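Worksheet: the structure to be examined is printed underneath.
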Amino acid sequence: VPGGMITFTFDDFPKSAATAGAPILEERGMRGTFYTAWGLSGVDNHQGVHCDIGDVLALDAKGHEIACHTFGHIDCAHTLVDDIRRDLDRNAQALADAGLKTPLTSFAYPFGEISVGAKRLTAQRFTNARGVREGLNSGRTDMTSLFASAIESRRDNILQNAEALIQRAVAENAWLVFYTHDVCAQPSEFGATPELLRQIVDAAIASKAKIVTMRDAAQLIAPAIREKAA
């Protein structure tokens, strides 16, 4: 993709991703991808309270992407393929029953755990699937195991490293996928502060790279995948 492409994603979908993360993108005319494991809905854990259907439908209505993260946030590397399939069905059906009409076309592996069987399954069901292996996506790319880079406030030099990745994505015409979890003043070890997220989003905008959701990126770079999704 000439000039590079950048996507901002949120895993597990804590409520703060919707209330604090999404507005940072919206204020700048951007949209993100929110990976939903509906079995976590309403759960209060180290990432704070997780999303409810109001959060899901509000983001969907604003043009953000609601994506799949399994129902039970299961480890796909250590779960039988038939069990993964049933869990994916459960997640899609639960969200549809709750009122979501937009189909789920993107997937992220919980914990970043991947198996050959899980990859084959996601290739059948989704246009793209993302892990947590660090790197850029360019050239001949495995759409069932996309590279991604964490935005986590606990990491040293996170802003500088993110800016360097953005510059590389532009120079190499690559697709850079960022991911985080909760977005709040005192985030979990997997989350980010609003200020950190805002700085990285602004750096992405300043780079002039295309900023798109996972769904839109897959459509831009893979016509064959776009036909399958249709």
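Structure notes:
- Trypsin sites (Lys or Arg not before Pro) restricted to DSSP loop in region 97-152 with at most 12 other C-beta within 10 Å: Lys101, Arg133, Arg140
- For the chain, lysine pairs with C-alpha atoms less than 23 angstrom apart, excluding pairs fewer than eight positions apart on the same chain, total 7.
- Largest first, the residues Ile151, Ile74 sort by 1.4 Å accessible area into Ile74, Ile151.
- Other residues lying with their Cβ under 11 Å from the Cβ of Ala17 contribute a combined charge of -3, Lys and Arg counting +1, Asp and Glu -1.
- Considering only Ala123, Phe190, Ile200, and ranking their Cα positions along the charge dipole of region 75-230 that arises from unit charges at the beta-carbon of Lys, Arg, Asp and Glu, the one farthest toward the positive end is Ala123.
- Accessible area per residue, Å², the chain with all protein chains present, probe 1.4 Å: 43 Å²
- Fully extending the segment from Arg155 to Ala222 would add 20.8 nm, taking 0.36 nm per residue of separation and subtracting the current Cα-Cα distance.
- The stretch between Ala94 and Arg28, if pulled fully straight at 0.36 nm per residue, gains 20.6 nm over its current Cα-Cα span.
- Whole-number percent relative contact order across region 20-104, with pairs defined as alpha carbons under 8 Å at least 6 apart: 31 percent
- Neighbour net charge for Asp182 - beta-carbon separation under 9 angstrom, K R +1, D E -1: 0
- Peptides 195-206, 78-89, ordered by how many other C-beta atoms sit within 10 Å of their residues on average, highest first, read 195-206, 78-89.
- Helix-only CD estimate at 222 nm, as mean residue ellipticity for the chain, using -39500 (n - 2.57) per DSSP H run (n ≥ 4): -11000 deg cm²/dmol
The values are calculated or read from the model by the stated rules, or taken from the named source; none is laboratory data. Everything quoted here is computed from the prediction, not taken from an experiment. Heads up, the Cβs are rebuilt from the backbone with ideal geometry, glycines too, and the neighbour counts pull from every protein chain shown. Please note that ligands, DNA and RNA were not included when accessible areas were found on the heavy atoms of the full protein model with its side chains. Shrake-Rupley method; radii C 1.70, N 1.55, O 1.52, S 1.80 Å.
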